1. Answer yes or no as to whether Ile211 is within 15 Å of the chain's Cα centre (by Cα) and within 16 Å of the ligand (Cβ to nearest atom).
2. Would you pick out the residues in region 159-175 that are outside any strand (DSSP E or B) and without any contact (Cβ under 8 Å) to a residue 60 or more places away in the chain?
3. Considering region 176-188 alone, what residues qualify as being open to solvent by 30 Å² or more (accessible area, probe 1.4 Å) and either under 23 Å from Leu242 (Cβ atoms) or not in a strand (DSSP E or B) (or both)?
4. I'm trying to understand the selection: among the residues of region 246-266, which are in contact with a Leu (Cβ under 8 Å, 6 or more places away or on another chain) and either aromatic (Phe, Trp, Tyr) or farther than 21 Å from Gly24 by Cα (or both)?
5. Given region 404-477, what helices (runs of 4 or more DSSP H) lie entirely inside it while holding 3 or more residues that are within 19 Å of Asp389 (Cα to Cα)?
6. Taking Val399, is it farther than 28 Å from Leu277 by Cβ, in contact with a Gly (Cβ under 6 Å, 6 or more places away or on another chain) and either in a helix (DSSP H, G or I) or open to solvent by 60 Å² or more (accessible area, probe 1.4 Å) (or both)?
7. Tell me which residues, restricted to region 306-354, are assigned to a loop (DSSP other than H, G, I, E, B) and more than 17 Å from the chain's Cα centre (by Cα).
Amino acid sequence: MCAAASDRPADRPVVTRFAPSPTGYLHIGGGRTALFNWLYARGRGGKFLLRIEDTDRERSTPAATEAILQGLRWLGLDWDGDAVSQFARKDRHAEVAHEMLTRGTAYKCFSTAEEIAAFRAVAEAKGASYAVFQSPWRDADSSTHPAGAPFAIRMRAPRTGETLVEDAVQGTVRFGNDQLDDMIVLRSDGTPTYMLAVVVDDHDMGVTHVIRGDDHLNNAARQQMVYDAMGWEIPVWAHIPLIHGPDGKKLSKRHGATAVGDYQAQGYPAAGMRNYLARLGWAHGDDEFFTSAQAMEWFDLPGIGRSPARLDFKKLESICGLHIAASDDAALLHEIEGYLAAAGHPALTDPQRDLLSRALYCVKDRAKTFPELLEKAHFALINRPIVADEAAAKALDPVSRGILKTLTPRLQNASWTKEGLEPILTETASEHGIGFGKLAAPLRTALAGRTVTPSVYDMMLVIGRDETIARLEDVAG
Ligand code: GLU
């Protein structure tokens, strides 16, 4: 029977999912997979679900689940409803395996591990490099079943012809059915296999689009058999190429950070990460810098490339810089505090928070990361006496100390605006026969202890009159 067009997954309300195995941190590739699913669902008024694939009890840990959730939260990828535990659904998986038996699309296999090994040994002795096990129980009459003996449930897979996976990224991918065995869906101890659990969960969760790494493309062929065996609609597949390092090799620790949490601890803003990760393997024309709202509107499967994307840290930084500059100050401050905690730095004190928030307007341009921004904001975060770094200390010779001394009384009654301060500083410089730059250098040292700072006016306005005068008096000759 042909399904009505409106029943096809592509026409139902969109439901996507991210299905990590909780065996470690959230990998940058996993973060991008989650992002693509999130963008696809959110841009279409659909649902984005989270399933923790914790059936491997040896390798799954609550700490890894927490690390993954934390990585998603930091990236700002919110999911609908509660995260689903795959392990908690094992009874449902077993139920479906038994339903396959009833439908005749699966059968009880009583072969022991030794018998299967012996089958393979014979095939290999005949020269086969890999032997698809052909169970003698596939067509056995139930009257021949050994009573009370343990059995696995195997799929009755087609032995001839091809399985076609229609993939939105990879196109039509063909698999010879002679390469696909009668895979086990329920082991003899009653536990479901991964291949069964994924399909049952995706079906029950109403998943319409499966967007995941192309390392799962082979699984799609086998998973389709489960859909067919149950008469369920196959979702839209989109298998995305993996992320490679800048050198084109498979991404590994030697390329730098691979965990999403590392990027948070290195001070990249989440909006910048989302933007950059969205561009990693997907394109919308030449657009490089965009908001998540734009990405939701634009994101589509045909825009995903077929070749692996290369991580480019320079591009990541430049995109992050643009997001920092475009951020609303309150949100930026909040995110900086999150960064400090993630990086294990001391939290801001109340006065520091206040001063940093007043300084943001003059430090957020051209800072590519939060450490860079905080370095520019150094003047607002420090207490007297200001300790100058080596380069800055050189600007404080006896002559410039003397000049700063003549400046302080003039600041007492100045109007504390750039317009009010400008004539005082330029007049002081010209009275001493020096250019403004020669005055600005010792001022930077006195106010910030650094040579690279925001403009001296901005620093004076942020820290205020009393603090400015006090810092100048500390160094004046
Ligand atoms: N749990 C699998 C993984 O972490 C993903 C399975 C899927 O997306 O279908 O690689």
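The values are calculated or read from the model by the stated rules, or taken from the named source; none is laboratory data. Quick caveat: nothing in here was measured; it's all calculated off a predicted structure. Backbone-built Cβ (ideal geometry, glycine too); neighbour counts: all protein chains shown. For the accessible areas, the whole protein counts, side chains as well, though only heavy atoms, and no ligand, DNA or RNA atoms are used. Shrake-Rupley method; radii C 1.70, N 1.55, O 1.52, S 1.80 Å.
1. Working: within 15 Å of the chain's Cα centre (by Cα): yes; within 16 Å of the ligand (Cβ to nearest atom): yes.
Against the criterion (within 15 Å of the chain's Cα centre (by Cα) and within 16 Å of the ligand (Cβ to nearest atom)), Ile211 qualifies.
2. Arg159, Thr160, Gly161
3. Asp178, Gln179, Arg187, Ser188
4. Pro246
5. Details: elements: 418-431, 436-448, 456-463, 465-475.
The helices (runs of 4 or more DSSP H) meeting that bar are 436-448, 465-475.
6. Values: farther than 28 Å from Leu277 by Cβ: yes; in contact with a Gly (Cβ under 6 Å, 6 or more places away or on another chain): no; either in a helix (DSSP H, G or I) or open to solvent by 60 Å² or more (accessible area, probe 1.4 Å) (or both): yes.
Taking the combined requirement at face value, the residue does not satisfy it.
7. Start the filter on region 306-354 by keeping residues that are assigned to a loop (DSSP other than H, G, I, E, B), which leaves 306-308, 311-312, 327-328, 343-349.
The answer is Arg306, Ser307, Ser327, Asp328, Ala343, Gly344, His345, Pro346, Ala347, Leu348, Thr349.
Here's the yes/no breakdown for (1) more than 16 Å from the ligand (Cβ to nearest atom); (2) crowded, with 19+ Cβ neighbours inside 10 Å; (3) of a type in the set (D, E, K, R):
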position	(1), (2), (3)
Ala34	no, yes, no
Ala41	no, yes, no
Arg51	no, yes, yes
Arg57	no, no, yes
Leu69	no, no, no
Ser85	no, no, no
Ala88	no, no, no
His93	no, yes, no
